[in-house]
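Report on the following structure.
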Amino acid sequence: MKIIGIEHIGIAVNSLDQDAPFWKHILGIEHRGTEAVERQGVTTDIYDTGQGKIELLEALGEQSPVGKFLENRGPGVHHICLEVENIYTAIDEMQANGIQLVTPEPSVGAEGFLVVFIHPKSTGGVLVELSQKPSK
Ligand code: CO
């Protein structure tokens, strides 16, 4: 498995209207786009520092994973995303090593990346997303 780098850091926020302006206007990081990812129950709002992105996450409903996270832990860092060369190779290696994935199959996440999440139990306490860039 080849890790290319940190793709983004996911941050759960209560309100994009309230919390995005810090990233967008105070820090002035380039805004890449805002996208509802229905399958994951989330609206993503993505900023690119040029060396890793910031992904703000607003829940689509209280029962969504981000909605539950906000209820239990409040706003803050939700996950770290590593870019991998090949998501299927990465999944095979995780499974061969007994690493617990949240779902065994990759799904299409924000910006068309193929993504899979590794359970915090297997990583030292942080939700880790692996992602493969969509081929052009
Ligand atoms: Co993410």
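The values are calculated or read from the model by the stated rules, or taken from the named source; none is laboratory data. The model shown is predicted, which means the values in this text are computed figures rather than measured ones. Because the Cβ atoms are built from the backbone with ideal geometry, glycine has one as well, and the counts that use them run over all protein chains shown.
Brief remarks follow.
- For Glu111: the one exception among (1) more than 12 Å from the ligand (Cβ to nearest atom); (2) surrounded by 13 or more Cβ atoms within 10 Å (Cβ to Cβ); (3) at positive phi: (1)
- Filter pass, Ile9 being within 13 Å of the ligand (Cβ to nearest atom) and within 26 Å of Ala90 (Cα to Cα): yes
- Matching entry among Glu58, Glu7 (being more than 21 Å from Gly125 (Cβ to Cβ), in contact with a strand residue (DSSP E or B) (Cβ under 9 Å, 6 or more places away or on another chain) and at pLDDT 95 or above): Glu58
- Taking the range 88-136 as the range and being over 23 Å from Val77 (Cα atoms) and under 16 Å from the mean Cα position of the chain (by Cα) as the test, the residues that pass are Glu105, Pro134.
- Among the residues making up the range 75-103, those that are surrounded by fewer than 12 Cβ atoms within 10 Å (Cβ to Cβ) and touching a strand residue (DSSP E or B) at 6+ places or on another chain (Cβ under 8 Å) are Gly76, Thr103.
- Look at (1) surrounded by 14 or more Cβ atoms within 10 Å (Cβ to Cβ); (2) away from the ligand (no atom under 13 Å from the Cβ) and you find that Phe69 fails only one, number (2).
- Residues within the range 112-136 that are under 22 Å from Arg32 (Cα atoms) and aliphatic (A, V, I, L, M), tallied: 5
- Checking Thr103 against (1) without any contact (Cβ under 8 Å) to a residue 40 or more places away in the chain; (2) more than 15 Å from the ligand (Cβ to nearest atom), the condition it does not meet: (2)
- Residue pairs meeting the criteria (Cβ under 8 Å; at least 6 apart or on separate chains; first within 18 Å of Phe69 (Cα to Cα), in the range 6-29; second in a loop (DSSP other than H, G, I, E, B)): Ile9/Gly52; Ile11/Pro75; Ala12/Pro75; Val13/Pro75; Asn14/Pro75; Asp19/Val13; Asp19/Pro75
- Output for the range 7-23, where each listed residue is buried (at least 16 other Cβ atoms within 10 Å of the Cβ), more than 21 Å from Pro106 (Cβ to Cβ) and charged (D, E, K, R): Asp19
- For Glu35, the test of being assigned to a helix (DSSP H, G or I) and either farther than 17 Å from Glu129 by Cβ or touching a residue at least 60 places away in the same chain (Cβ under 8 Å) (or both) is failed.
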